[in-house]
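Just so you know, all these numbers are worked out from the coordinates, no wet-lab data involved. Just so it is clear, the structure is predicted and the values come from calculations on it, not from any experiment. Cβ placement follows ideal geometry from the backbone for every residue including glycine, while neighbour counts extend to all protein chains displayed.
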Amino acid sequence: MRRQRAASRWPLRHDLQHCRHWQRAFASQHKDHRYYEIVEDALHSEFDYRYFVIRNARRDVTAIQPFFILDLDILVGTHPRLRPLIDAIRAVWRGSCT
């Protein structure tokens, strides 16, 4: 028996505006989809706010989950003596150490 895999993707809110599953998401909760839209609007522009859309093997939407990402420089507070080393590593591997 061949097992089919479920799929997910992470669209923006405008991609979900006409999705009937998003309109009903969290409807049985105190905070329905409108709450998450307000959260997205209130977040600072440094945050990348997306939605996981989980689909089953038949490509039916089974879940939608909001999430956000913040790209941080985790080494910003390191000792100044380490900066040349960190800068050298970043010059070789772009996007590392962040």
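The 3J(HN,Hα) values that the Karplus relation (6.51, -1.76, 1.60; θ = phi - 60°) gives for region 50-61 are, in residue order, 9, 9, 7, 10, 9, 10, 7, 5, 8, 6, 7, 6 Hz. Gly and Pro appear as x. Counting only Cβ charges, +1 for Lys and Arg and -1 for Asp and Glu, the dipole size of the chain around its Cα centre is about 740 debye. Relative to the longest principal axis of the Cα atoms of the chain, helix 33-42 runs at roughly 20 degrees.
Give the relative contact order (percent, whole number) for region 7-71; include only Cα pairs under 8 Å separated by 6+ residues. Before the final figure, lay out the partial values.
Working: 82 pairs, mean separation 24.3, N = 65.
About 37 percent, as a whole number.
The stretch between Y35 and R83 holds 13.1 nm of extra length on full extension. This uses 0.36 nm per residue minus the Cα-Cα distance. Helix 83-92 and the longest principal axis of the Cα set of the chain meet at an angle near 60°.
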